[in-house]
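What follows draws every value from the coordinates through simple rules; no lab data is involved. Remember, predicted model here, so these are calculated numbers, not experimental data. Cβ atoms come from the backbone with ideal geometry, glycine included; neighbour counts cover every protein chain shown.
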Amino acid sequence: MKLVFRWYGQSDPVTLDQIRQIPSVTGIVSAIYSVPVGQAWQEADILALKKEIESKGLSFEVVESIPVHEDIKLHRGDYQHYIDNYKLTIRRLAKAGIRCICYNFMPVFDWTRSRLNHTLSDGSTALVYYKEDVKQMNPTKMSLPGWDSSYQPEQIEELISAYQSLGEEGLWKNLEYFIKEIVPVAIECDVYLGIHPDDPPWSVFGIPRIITNEENLDRFLSLYQDKHHGISLCSGSLGCTSCNNIPKLVRKYAGAGRIPFAHIRNVKILKDGSFEESAHDSSYGSLDIVEILKAYHDSGFDGYIRPDHGRMIWGETGKPGYGLYDRALGAVYIKGIWEALGHESKNH
Ligand code: CS2
Ligand code: MN
């Protein structure tokens, strides 16, 4: 496995100089953030980012994410033009040495939480999703850090109702069209595409979400039978419902070579199905991180792994979920377990 770390570019309060000092982290996961959704990324921007990362002795082989324009997800308007731009971006990234591209197909909103700085019992703060809060939230009157902030409230209202009438089956159809267009390009360029599961993996604000569970992941993978069409398996996104057995999913999909990229995050599921993000360590959340990593290890996983969201600790402030310290602890925890698993398998 290759241990990588997400970095949001020059506007990220976390610096490459800090990341390069985290033991065993060898690469960066990033994207071009200045380009409006739907436009192709320029070769010069990609090369400049690569140069900056490599100048610090880190590799740049993973992109997260190329956002998918809502017209593609709704299969309306300029969808074909945006798909063509998407293909161009894949080609340009591959040419620059990118091996893995993460994306998601969540309508309108990326990850959804109801509080971004909930104080945990040890004084750290974390992202949480409380079902009772979410019932009171109005998505047209708010924005979260992972969301595209370029929409006006009326546009969001229109999008929400368009998705509500599209429904799950409509969204599947549009996803299938998109996959059949882009996967051949990924195959041609030998780049591994990995869809990020919906976070959380259930419908929010009455909008369909489909990358949510084993049955749907099976259906997704069967849209194109090729290893370049895979999953960025995020333990914390799928794992915030106990219906998903993460070690089982990892064994199944990593065993089949369909996970190019793994996100490791722990979450604590509460009695009413709400959840709090926690430290990576197994004892703090509902997921057994050793079992998850063992499933990857047993499957001979040689893809990319990154710690996912972290808490804010030691007084750090910054991009919610993406501070330095707790994610660095997560990285070292992942590496420690991985190293131990290697010794274990050698001795048996
Ligand atoms: C999130 C997402 O769970 C995560 O990694 O932070 O923003 C994620 O990066 C995107 O959904 C991937 O497309
Ligand atoms: Mn993730």
Show me the trypsin sites (Lys or Arg not before Pro) within region 237-324 that DSSP assigns to loop and that have at most 10 other Cβ atoms within 10 Å of their Cβ.
K271
What fraction of the Cα pairs in region 190-348, stated in percent, has a spacing above 19 angstrom?
55
Once both label points are put 7 Å beyond Cα along the C-beta direction, the Y8-L270 separation in nm becomes 2.5
Between D148 and E316, what is the label-to-label distance in nm when each label sits 7 Å out along the Cα-to-Cβ direction?
2.9
So for each of 192-199, 123-130 I average, over its residues, the number of other beta carbons within 10 Å; can you give me the resulting order with the highest mean first?
192-199, 123-130
At R0 = 35 Å, how high is the FRET efficiency between V37 and E215 if r is their beta carbon distance? Nearest 0.05 is fine.
0.75
Relative contact order of region 185-274, please, whole-number percent, based on alpha carbon pairs below 8 angstrom and at least 6 residues apart.
32
Return the calculated 222 nm mean residue ellipticity for the chain, to the nearest 500 deg cm²/dmol, obtained by summing -39500 (n - 2.57) across DSSP H runs with n ≥ 4 and dividing by the residue count.
-12000 deg cm²/dmol
Extension gain from E176 to L116, taking 0.36 nm per residue of separation minus the Cα-Cα distance
18.2 nm
For the chain, what value does the Rg/Rh ratio take when both radii are computed over Cα atoms and Rh is the Kirkwood radius, given to two decimals?
0.93
Give me the distance between the Cα centres of region 202-226 and region 295-333, rounded to whole Å.
25
Placing each pseudo-label 7 Å from Cα in the direction of the beta carbon, D133 and Q18 end up separated by a distance in nanometres of 2.3
